[in-house]
There are 4 protein chains.
Amino acid sequence: MSKTAKIAAAGGTKTKVAVIGASGYVGEELVRLLLRHQHVELVAVTSRQFAGKTVAEVFPRFSHLEKTSELRFSEPDPEQLGQRAEIIFLALPHGRAAEFAKPLLQGGARVIDLSADFRIESAKTYREFYGHDHPVPELLGKAVYGLPEIYRKKISDAKLVACPGCYPTSILLPLLPLVREKVANLARILVTSLSGVSGAGRKIEADYLFAECNESMRPYGVPKHRHLSEIEEQLSVFAREKITIQFTPHLVPLNRGIITTIYVDLVEKIDADSITSIYEKAYGEEPFVRLLADELFPDTKNVAGTNLIDVAWRFDPRTDRLILMSSIDNLVKGASGQAIQCFNVMRGYRETEGLL
Amino acid sequence: MSKTAKIAAAGGTKTKVAVIGASGYVGEELVRLLLRHQHVELVAVTSRQFAGKTVAEVFPRFSHLEKTSELRFSEPDPEQLGQRAEIIFLALPHGRAAEFAKPLLQGGARVIDLSADFRIESAKTYREFYGHDHPVPELLGKAVYGLPEIYRKKISDAKLVACPGCYPTSILLPLLPLVREKVANLARILVTSLSGVSGAGRKIEADYLFAECNESMRPYGVPKHRHLSEIEEQLSVFAREKITIQFTPHLVPLNRGIITTIYVDLVEKIDADSITSIYEKAYGEEPFVRLLADELFPDTKNVAGTNLIDVAWRFDPRTDRLILMSSIDNLVKGASGQAIQCFNVMRGYRETEGLL
Amino acid sequence: MSKTAKIAAAGGTKTKVAVIGASGYVGEELVRLLLRHQHVELVAVTSRQFAGKTVAEVFPRFSHLEKTSELRFSEPDPEQLGQRAEIIFLALPHGRAAEFAKPLLQGGARVIDLSADFRIESAKTYREFYGHDHPVPELLGKAVYGLPEIYRKKISDAKLVACPGCYPTSILLPLLPLVREKVANLARILVTSLSGVSGAGRKIEADYLFAECNESMRPYGVPKHRHLSEIEEQLSVFAREKITIQFTPHLVPLNRGIITTIYVDLVEKIDADSITSIYEKAYGEEPFVRLLADELFPDTKNVAGTNLIDVAWRFDPRTDRLILMSSIDNLVKGASGQAIQCFNVMRGYRETEGLL
Amino acid sequence: MSKTAKIAAAGGTKTKVAVIGASGYVGEELVRLLLRHQHVELVAVTSRQFAGKTVAEVFPRFSHLEKTSELRFSEPDPEQLGQRAEIIFLALPHGRAAEFAKPLLQGGARVIDLSADFRIESAKTYREFYGHDHPVPELLGKAVYGLPEIYRKKISDAKLVACPGCYPTSILLPLLPLVREKVANLARILVTSLSGVSGAGRKIEADYLFAECNESMRPYGVPKHRHLSEIEEQLSVFAREKITIQFTPHLVPLNRGIITTIYVDLVEKIDADSITSIYEKAYGEEPFVRLLADELFPDTKNVAGTNLIDVAWRFDPRTDRLILMSSIDNLVKGASGQAIQCFNVMRGYRETEGLL
């Protein structure tokens, strides 16, 4: 599986970036990755809770990096941030991100949003799944969905990138090539996902206490998890018809990682080599997609801390069904790493910069 | 949800029992449960590896129980054991269990087998899934499948009980009532299961080392796990037609527990209350089945160490599909606890004896 | 190691008990143990947070027990509870427990307090370690320290029992026999303890989130953890001189369990057999103390879910030092189990009742 | 805490290196770090078990790196390896490493040994702690102990570097400055350490199975763990007198990390600022030593995956004792990372190259 990143790096210039809402797990991971990115100058990180503290104080694990003793968390001020940074990452809860995006975009900054606010185009779907009206409906449909393997070209010019959720990333990347090649029965897609606990964010709730999660596993959000909205919208765009799928997430006691298993009914008999060809064609040159050889299964420990997605598939001759399996690190390829991959695309840097 | 165990206990007599192959996790759990069962006299435990050592030495966690300092592991000798014990538990690997069962049954003992050897009736299916001929084909079809909630009456008279596997228990108990009531589309059943690591037994292999399992999760055995053989045979018996299902197990980093999620297409529209009625009718009086109220999800931590199975269901109006979810402790309801439940039925003891 | 509990059980009578503050981990474990205690009638459980809900609703893991569907959490009302229950367990935070104890005792009930409020006799020490004045100083010195292996006789008549903390239990039981026999250099005792996360209680704080504790371990509370106050007071009482020790607790990623390692300088050379004799004399007949044979080490998995303490020791000829090691389940022998052991003593029941 | 690595990097040249015994956790981590080191050309990796397989096949987590599909494991052949590589890392079990070192050194290669074989100078001590004669006694005393913070200058010219064990690293770095400044009572040093399970290596033994380690913690190797030999020898060299210490390791359920707590009696009263000065003087410019500010405690999660050691200290006025605490990643600063740090020193590369 040869992988070559052919996009040329843009000289030695640095891009000024800011992270708004940098105190959660996604924000922390963003900071980690940005600090070691050679084309990035991190000019601001914000957090209401930690305003005034240095990055080293808030994240002791980074305290050996000199910049972290100087860089202080500030209150989030969109106007000022928009003047200081060229690209701004929003790592805020959904609903709040949209409010920040608007003034930032108006001020001319480019925005990479890691919340759910701009992942779906339809105001109706947003209301259906998030339980309230979209705060800035005029921006709906203005964002590019931040899956570089699918929307690389659009991302390169985007003003506003909506980074996919962790579950959607693990589901869409294995599924889309099959949808594109019209081999999947679109009415019968079922998905089971397993997520480590950091997927819930740094939420201080009883459900996520160590003693509640350790030696525990549980399905949740059945039958209508919020991420369905963006998964189905993306599938529908690709298929040019309305697609509804089944999706069951489970919470599992490990820190990082998602395992997704997808059941696909094939529209007609197709041999194993053809499936392999479809994936090789789609992802053979992608630096972050590993197509696993026949005998291997995805395992979260092989992708933890990386921006990789491992994809495997098996045809079941007993049921004529295809089983797709994938694994990602929910905080990297499922959030911050993918955001930086988008950033690299937007700025014309080598796509793997800061990520390998 | 009222649960009453109405089967009368048989006086104060004790039954002499032996455990053959008591050194694995299933065997250890059997010993734990038998030691505190008031109608049991544990006369022998065997293990080639530990012959000569006391139970207290092999399992330090039980060393405070006086019997464990006296009871010594012996070499397994079917003839002698058959004379000393009335009921014999086989906690051996598949293939080896069958060899022991034959002389024991011939000698007049009743046998409760926890291996896979007698779970399926068809010699052909056994060979297909286990890769070799059945060692004692003349006994195939002589065993009762040890799911008391389904086969209680047959178990009470059985000479040979084949205890179900852990995955099958978690799958069959939620599914069978729907099959019986003919509401499930039998051609379209899909199952995803998650298992803790003790489900692999005390296998000393690299795959099960702590550092390989912790912070790891992975599908395996796709698409044709061995347990499919007994699941499909049981479903087919119930449905009186050949049923093939999809089944994907996953290994997850916790000690004990299985979570199973089952996708069922309904043959016709059916309201939620009817589903509830089907389960209430099937299990309303069962002491070990908990039907979870609407807002609850199964969680392994609620059944760990118990013989309970938690069952929940949701109807998805978007897909017209029913999602069944269950949780068990793989070593208890999925193995040793269920074996003792069968034992209680066979001996006419209160079914919950030693299990609550 | 023969263990016999010689205390006679008191007929078939049941004792009415209540648990105040039953919503934390200690309270939940108390409820679990009390529900299966054959001489207990649990008449009330209280919790401000859960008032009105049934025990089955709050603790789904107990929902198969019929009583749990009937018993509802109530607001804590000392006067009324004192009339309904003979013995009342307080599983409240320190400071609040003392306020409840006073009216209950005045009303004639006997109280078993699991907080730190009555574990120390000195108002000065309380203020030094807990940072505020004792709320009911007139009760200081009125409680019996609830270590049955040490104070069994006093506990049997006590009106107010102060159950030891989890760390103190794991430290005092190994140490006190050596102090009593005057073989330990009291000026040079050092203790290191490791605790599972449930030891912090059901505190909803960022520090105890799964993703903060998993793959983490850390010392804390150095050099002056609160539990030092009761450990040192107990040691001083025994030694009849003021003793100061070194104590370092660590937080470790598992649910339940404490491992304690104690370094003891001997006052004079003493052979290994003498140490063994001291422990056999102290604990040879104790049902919950297991003195581990020479080659064994304590392991939390051997005591999890039980009221046992495992104790081992090694003499180091290179340093002339004795190393003591112990393990307990912090929620059982370190809290709720020990409280029930005290209860059994207070009521003259078999001491192991409901605990084996 | 400003940290600057002032050692100049040696141009753009690459050094040819080989790893002998690359199939364990330490070997895997070495390969991971060497693959991304810009001044390294990894010319060979050996493993009897995996000879013929590619690195990508044996370690799927690295399979996206192009070199890993080409580089194949070979049988270890010291003569040939000595000709192909300038510096050779030995990641073999103790005893076997020594046998390889001799021909390699004779052939002119420089050797970085990660086993225990050359960590101690005394043949007598080796026999005492390892239970057999040293296989190549003529090499004893020829190695430099690979703690760059202490022996940087000697390492730079060394032919044979003996990398310290994981426990010794976590113990010696906090202790040595105090020994050097003569403030510690050398007769009274006690150490407690906690180690994650990868510290045991990829040993396929029942003790390290997931279900035996998860929800378990246990002391072991008391009172005379093998690592005492090198700890005491190093302390004695520094102190110029024979030092004996107390050391108790514990096995704890996490993958990576060591926490060490050290108790030091001071020879005379000394104020907190003086201790801080001692550490600032010793490590203020060290790139991999973080001296934690007053309120912080070491936590393995802050060093996992890095070559850092976090060091904290507290003075206890109640006992006049100093408590030192440290954390490292046992596979990085405790093994492979430190080996590469030594490699960087030996080759005159920037010391942090490939490690930050």
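The values are calculated or read from the model by the stated rules, or taken from the named source; none is laboratory data. Since the model is a prediction, treat every value here as computed from it, not as a measurement. Counting neighbours? That spans all protein chains shown, and the Cβs are built from the backbone with ideal geometry, glycine included.
Among the residues of the stretch C:213-223, those that are more than 7 Å from chain D (Cβ to nearest Cβ) and either crowded, with 24+ Cβ neighbours inside 10 Å or at pLDDT below 95 (or both) comprise C:Cys213, C:Asn214. If the condition is being over 13 Å from the mean Cα position of the chain (by Cα) and in a helix (DSSP H, G or I), then the stretch B:113-149 contributes B:Ala123, B:Lys124, B:Thr125, B:Tyr126, B:Arg127, B:Glu128, B:Phe129, B:Tyr130, B:Pro137, B:Glu138, B:Leu139. The single condition among (1) more than 12 Å from D:Ile258 (Cα to Cα); (2) crowded, with 23+ Cβ neighbours inside 10 Å; (3) not hydrophobic (A, V, I, L, M, F, W, C) that D:Gly348 does not meet is (2). Per the conditions (1) out of contact with any Lys or Arg (no Cβ under 7 Å at 6 or more places or on another chain); (2) within 30 Å of A:His37 (Cα to Cα), the sole criterion not satisfied by A:Pro287 is (1). Considered as a group, the residues in the stretch C:224-242 that are surrounded by 21 or more Cβ atoms within 10 Å (Cβ to Cβ) and aliphatic (A, V, I, L, M) include one that is farthest from C:His94 (Cα to Cα), and that residue is C:Leu235. Among the conditions (1) under 20 Å from B:Pro164 (Cα atoms); (2) out of contact with any Asp or Glu (no Cβ under 6 Å at 6 or more places or on another chain), B:Leu296 misses just one, which is (1). Just to be sure, is A:Tyr208 among the hydroxyl-bearing types (Ser, Thr, Tyr), under 26 Å from A:Leu92 (Cα atoms) and within 13 Å of chain B (Cβ to nearest Cβ)? Judged against the criteria, A:Tyr208 is not a match.
Residue pairs whose Cβ atoms lie under 8 Å apart, sitting 6 or more positions apart in sequence or on different chains, and linking a residue in the stretch A:338-354 that is among the hydroxyl-bearing types (Ser, Thr, Tyr) to a partner that is surrounded by fewer than 22 Cβ atoms within 10 Å (Cβ to Cβ), are A:Tyr349/A:Ile7; A:Tyr349/A:Ala9; A:Tyr349/A:Ala10; A:Tyr349/A:His39; A:Thr352/A:Ala5. Within this structure, B:Pro103 fails the test of being within 14 Å of chain C (Cβ to nearest Cβ), of a type outside the set (A, V, I, L, M) and touching a helix residue (DSSP H, G or I) at 6+ places or on another chain (Cβ under 7 Å). Please work out which residue is farthest from the chain's Cα centre (by Cα), limiting yourself to the stretch B:295-305 and to residues that are surrounded by fewer than 21 Cβ atoms within 10 Å (Cβ to Cβ) and free of Cβ contacts under 8 Å to residues at least 40 places away in the same chain. Across the stretch B:295-305, the extreme among qualifying residues is B:Glu295.
Looking only at residues of the stretch C:224-249 that are within 13 Å of chain D (Cβ to nearest Cβ) and aliphatic (A, V, I, L, M), we find that the one that is nearest to D:Val264 (Cα to Cα) is C:Ile245.
Contact map, the stretch A:275-294: residues that are within 12 Å of chain D (Cβ to nearest Cβ) paired with residues that are of a type outside the set (S, T, N, Q) and assigned to a helix (DSSP H, G or I), Cβ distance under 6 Å, separation 6+ or inter-chain. Pairs shown: A:Glu286/A:Glu149; A:Val289/A:Tyr283; A:Leu291/A:Tyr279. Could you tell me whether B:Thr306 is over 18 Å from B:Pro177 (Cβ atoms) and more than 10 Å from chain C (Cβ to nearest Cβ)? So B:Thr306 does not fit the description; no. Each residue in the stretch C:22-48 was checked for being under 18 Å from C:Leu355 (Cβ atoms) and buried (at least 17 other Cβ atoms within 10 Å of the Cβ), and 15 of them qualify.
In summary, strands (runs of 3 or more DSSP E) completely within the stretch C:271-356 and bearing 3 or more residues that are touching a helix residue (DSSP H, G or I) at 6+ places or on another chain (Cβ under 7 Å) occur at C:309-316, C:321-328.
The sole residue among B:Leu178, B:Leu173 that is under 14 Å from the mean Cα position of the chain (by Cα) and crowded, with 24+ Cβ neighbours inside 10 Å is B:Leu173.
One line per residue, one yes/no per condition, for (1) surrounded by fewer than 20 Cβ atoms within 10 Å (Cβ to Cβ); (2) modelled with pLDDT of 95 or more; (3) in contact with a Cys (Cβ under 6 Å, 6 or more places away or on another chain):
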site	(1), (2), (3)
B:Phe50	yes, yes, no
B:His64	no, no, no
B:Phe73	no, yes, no
B:Glu86	yes, yes, no
B:Arg96	yes, no, no
B:Phe118	no, yes, no
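Filtered by the rule that a residue be surrounded by fewer than 14 Cβ atoms within 10 Å (Cβ to Cβ) and within 21 Å of C:Asn344 (Cα to Cα), the stretch C:98-116 gives a lone residue, C:Gly108.
Each residue in the stretch C:307-328 was checked for being without any contact (Cβ under 8 Å) to a residue 60 or more places away in the chain and farther than 13 Å from C:Ile258 by Cβ, and 10 of them qualify.
Taken together, A:Leu356, A:Leu308 contain a single residue that is under 30 Å from A:Gly201 (Cα atoms) and modelled with pLDDT under 95, which is A:Leu356.
Conditions tested, residue by residue: (1) in contact with a strand residue (DSSP E or B) (Cβ under 7 Å, 6 or more places away or on another chain); (2) touching a residue at least 12 places away in the same chain (Cβ under 8 Å).
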| position | (1), (2) |
| --- | --- |
| D:Phe118 | yes, yes |
| D:Ser122 | no, yes |
| D:Thr125 | no, yes |
| D:Phe129 | no, yes |
| D:His132 | no, yes |
| D:Pro137 | no, yes |
| D:Val144 | yes, yes |
| D:Tyr151 | yes, no |
| D:Ile155 | yes, yes |
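Do the conditions hold for A:Thr192, that is, is it buried (at least 24 other Cβ atoms within 10 Å of the Cβ), within 8 Å of chain B (Cβ to nearest Cβ) and hydroxyl-bearing (Ser, Thr, Tyr)? Yes, satisfied. Note on the stretch B:22-73: residues that are more than 14 Å from chain C (Cβ to nearest Cβ) and either touching a Gly at 6+ places or on another chain (Cβ under 8 Å) or of a type outside the set (S, T, N, Q) (or both) amount to 23. Condition check for C:Gln80 on (1) of a type in the set (S, T, N, Q); (2) buried (at least 22 other Cβ atoms within 10 Å of the Cβ); (3) without any contact (Cβ under 8 Å) to a residue 12 or more places away in the chain: one failure, at (2).
Give the residue, chosen from D:Ala101, D:Ala143, D:Ala162, D:Ala123, that is among the aliphatic types (A, V, I, L, M) and modelled with pLDDT under 95. Only one candidate passes the filter, namely D:Ala123.
The requirement of being among the basic types (Lys, Arg) and on the phi > 0 side of the Ramachandran plot is fulfilled somewhere in the stretch B:235-243, by at least one residue.
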